[in-house]
Ligand code: ASP
């Protein structure tokens, strides 16, 4: 298969490496956002700076779907035999499911250990429920009557173009994979031009991603400045909210850090057999982008670029494992859903037993699979988890006010998890080239 199109791999080139530029953009954006909130020019930021971030975000989103379709069709077609696809798919799914279940377990251990919310003042609880109750209704309507297994049924699209347009990433993944496999089952003179078309498309879209990444530092600056300016508009309310919910937020962040250290580190070292420093250096642009955009879907093109160019993973593996991961593998989201469910139950004074914990592991795994890779959807799917353990879904109103910063953090974990599994599967298939080719 062709490698990435010639030209600038974004991390190479003269001057500051791209991930440093993005980090700089992020830090300056954060400072700018804080200043805007402090000196009262938040609306200036929202009107004049935010559009730059929105533009960057939309550019990434618009390339994500064609990239997934093209690379996945080519990937599945070039993997050739069904046995190989089955083996790679099997490994990928086992790792995705196992890491997600571990993530929720870590979240549950942390939240049960520290028990945030057990002594929340009833008047504060009433105030929180009141101020965010309105916002709850719209989310509730989205979650509607979702049942856990609905997520599995929804994998199969009833209309492929509908799936592209909405977009329903998991349906797009499913159909592209099917198409790629089908191309290996028909006469090769018929299949070849179709595969060549998708190969050309995939190279062109990757060239677009490389172009878009040139404005990443500015995009990240604008995204972060806008988020902070918006959060800090009513800074007195924000500060008191943070105080009340600090324990809950601390548990989520601690859980995410523990998952990174206890689950990803051994996988990167012993399964992927890549030095940690190299792994994180290669992935830094994607992680920073995930943090600033809160969207693993929009980050996907960059994750693919980092894993292929930075880690040397063959595109036939990354094009299959990463889009699937952006759709179904959300360790950060699942962990957060576990912590949030217990926190809300604590606030309501409800005691959750072992069976409830197991229900949370099961439903949060399914709910995270069904969570779209865009900002703020994890909290919608939390409603499904709460319904299963009979905790009032109104409870999400308690945590809505601080969801965005947690969304930023959990999205970083979501993206890191996808890359970790991708590198592990690639190592098992002997599909890592370049400097990382020789296992540690
Ligand atoms: N924002 C997350 C993501 O895109 C999903 C979520 O937890 O809301 O990965």
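No lab work stands behind these numbers, since they all come straight from the coordinates. Note that the coordinates shown come from a computational prediction; the quantities given were computed from them, not determined experimentally. Heads up, the Cβs are rebuilt from the backbone with ideal geometry, glycines too, and the neighbour counts pull from every protein chain shown.
One table, with the values for the structure above:
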| item | result |
| --- | --- |
| Shape of the range 249-304, Cα gyration tensor, a/c cut at 1.5 | oblate |
| Spin-label model distance (nm) - residue 192 vs residue 118, 7 Å beyond Cα toward Cβ | 7.0 |
| Angle between the chain longest axis and helix 122-143 axis [Cα atoms, degrees, rounded to 10] | 30 |
| Rg to Rh, two decimals, where the range 302-440 supplies the alpha carbon set and Rh follows Kirkwood | 1.09 |
| Acute angle (nearest 10 degrees) that the helix 377-388 long axis makes with the longest principal axis of the chain, alpha-carbon atoms | 70 |
| On Cα atoms only, tilt of 188-212 relative to the major axis of the chain in degrees | 50 |
| The chain: equivalent-ellipsoid semi-axes (sqrt of 5 x gyration tensor eigenvalues, Cα, Å) | 36, 26, 20 |
| Separation in nanometres of the label points that stand 7 Å from Cα toward Cβ, at residue 38 and residue 156 | 5.8 |
| Length-normalised contact order for the chain - Cα pairs under 8 Å, 6+ apart - percent | 31 |
| Over the range 317-399: Rg over Rh, Cα atoms, Kirkwood Rh | 1.03 |
| Shape call, the range 23-127: gyration tensor on alpha carbons, a/c limit 1.5 | oblate |
| The range 194-276: C-alpha gyration tensor shape, a/c 1.5 cut-off, then a/b vs b/c | oblate |
| Sum of -39500 (n - 2.57) over DSSP H runs of 4+, divided by residues of the chain (222 nm, nearest 500) | -24500 deg cm²/dmol |
| R0 of 51 Å, Cβ-Cβ distance residue 433-residue 149: FRET efficiency to nearest 0.05 | 0.80 |
| Ordering of 377-383, 415-421, 428-434, 30-36 by packing [mean C-beta count within 10 Å, highest first] | 415-421, 377-383, 30-36, 428-434 |
| Whole-Å distance, taken between Cα centres, linking the range 340-359 and the range 150-227 | 39 |
| Over the range 236-350 - Rg/Rh using Cα atoms and the Kirkwood inverse-distance radius | 1.05 |
